[in-house]
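Notes to accompany the following structure.
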């Protein structure tokens, strides 16, 4: 009897591995790779990389009881983020020879920011292929960009692992660089916080202060409300799925209320000689 139990125990890890492989193969087999490849304009060699790239951590929680042993796309996102940064920096350096370092940095920040990457993800309908819990998918519909932008970075990481750096560069060339020019870039330059800071510092002796005045919703889908103040006076309020988004919207609204600063009489004091 004990000998039989020992034999079963010895094979349990093997059985678990086979079960894991079966679960993964089942997901890969049911995935519409033909449609996915057409949307991203890329021929896939190793399918598992792309299943991983499309797996949000919420999917693992919702499927854990069914024995599915996948990993989330967070490690691939980390890799894709680095690859994306390098390819964008190389492209800007080679194609904008007259631009100074500050401009190149600004352009790169635009091309790798959350909103921009989420828009690129929507363009290839990435949301239709994500493996995620219903609440996470609903948050995308509600305008939460993080899940999509992270998946896009993970996709870049998957392409790099699948066929190398040049394949990732070709993908981004087709996705982004072919339609890139300064005017097109400038429409995505939404650093309202920087613009507000420049104005306030040039005209007063104060700096803008940002305060979170409300936050609501579940941990993975919070909505932040931020107020920006000058000398204790509210100048603008913004909302966003991240604090940074809310701060940018607050700064944008503040830029429409600059007459408040003038009416407060907060003129910059002249320095005594």
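The values are calculated or read from the model by the stated rules, or taken from the named source; none is laboratory data. These numbers come from a predicted model, not from an experiment. Note that each Cβ is placed from the backbone with ideal geometry, even for glycine, and that neighbours are counted across all protein chains shown.
Return yes when residue 144 is under 12 Å from the mean Cα position of the chain (by Cα), in contact (Cβ under 8 Å) with a residue 60 or more places away in the chain and not assigned by TED's automatic domain parsing to the domain that holds residue 221 and no when it is not.
So residue 144 fits the description; yes.
Specify which of the listed residues (78, 152, 165, 144) is modelled with pLDDT of 95 or more and either closer than 13 Å to residue 56 by Cβ or in contact with a strand residue (DSSP E or B) (Cβ under 6 Å, 6 or more places away or on another chain) (or both).
Details: 78 fails: either closer than 13 Å to residue 56 by Cβ or in contact with a strand residue (DSSP E or B) (Cβ under 6 Å, 6 or more places away or on another chain) (or both); 165 fails: either closer than 13 Å to residue 56 by Cβ or in contact with a strand residue (DSSP E or B) (Cβ under 6 Å, 6 or more places away or on another chain) (or both); 144 fails: modelled with pLDDT of 95 or more.
Answer to the selection: 152.
Only one of (1) in a helix (DSSP H, G or I); (2) in contact (Cβ under 8 Å) with a residue 24 or more places away in the chain; (3) closer than 23 Å to residue 246 by Cβ is not met by residue 119, so which one is it?
Tallying (1) in a helix (DSSP H, G or I); (2) in contact (Cβ under 8 Å) with a residue 24 or more places away in the chain; (3) closer than 23 Å to residue 246 by Cβ, residue 119 fails exactly one: (2).
Applying the selection to the range 122-138, what residues are part of a helix (DSSP H, G or I), at pLDDT 90 or above and surrounded by fewer than 16 Cβ atoms within 10 Å (Cβ to Cβ)?
Residues of the range 122-138 that are part of a helix (DSSP H, G or I), as a first pass: 122-123, 126-128, 134-138.
Filter once more, so that each one left must be at pLDDT 90 or above: 122-123, 126-128.
Correct list: 122, 123, 128.
Report yes if residue 89 is surrounded by 15 or more Cβ atoms within 10 Å (Cβ to Cβ), modelled with pLDDT of 95 or more and under 22 Å from the mean Cα position of the chain (by Cα), otherwise no. Give the derivation first.
Details: surrounded by 15 or more Cβ atoms within 10 Å (Cβ to Cβ): yes; modelled with pLDDT of 95 or more: yes; under 22 Å from the mean Cα position of the chain (by Cα): yes.
Spelling it out, residue 89 is indeed surrounded by 15 or more Cβ atoms within 10 Å (Cβ to Cβ), modelled with pLDDT of 95 or more and under 22 Å from the mean Cα position of the chain (by Cα).
Of everything in the range 66-86 that's over 16 Å from the mean Cα position of the chain (by Cα) and buried (at least 18 other Cβ atoms within 10 Å of the Cβ), which residue is nearest to residue 120 (Cα to Cα)?
If we take residues in the range 66-86 being over 16 Å from the mean Cα position of the chain (by Cα) and buried (at least 18 other Cβ atoms within 10 Å of the Cβ), then 70 is nearest to residue 120 (Cα to Cα).
For the range 209-222, state whether one or more residues are modelled with pLDDT of 90 or more and either touching a helix residue (DSSP H, G or I) at 6+ places or on another chain (Cβ under 6 Å) or surrounded by 14 or more Cβ atoms within 10 Å (Cβ to Cβ) (or both).
Taking every residue of the range 209-222 in turn, at least one turns out to be modelled with pLDDT of 90 or more and either touching a helix residue (DSSP H, G or I) at 6+ places or on another chain (Cβ under 6 Å) or surrounded by 14 or more Cβ atoms within 10 Å (Cβ to Cβ) (or both).
Need the failing condition index for residue 266 against (1) outside any helix (DSSP H, G or I); (2) modelled with pLDDT under 90; (3) loosely packed, with under 15 Cβ neighbours inside 10 Å; (4) touching a helix residue (DSSP H, G or I) at 6+ places or on another chain (Cβ under 9 Å), just the number.
(3)
From the residues in the range 168-203 that are assigned to a loop (DSSP other than H, G, I, E, B) and at pLDDT below 85, which one is farthest from residue 45 (Cα to Cα)?
191
Looking at the range 235-247, which of its residues are out of contact with any helix residue (DSSP H, G or I) (no Cβ under 9 Å at 6 or more places or on another chain) and either under 20 Å from residue 258 (Cα atoms) or assigned to a strand (DSSP E or B) (or both)?
246
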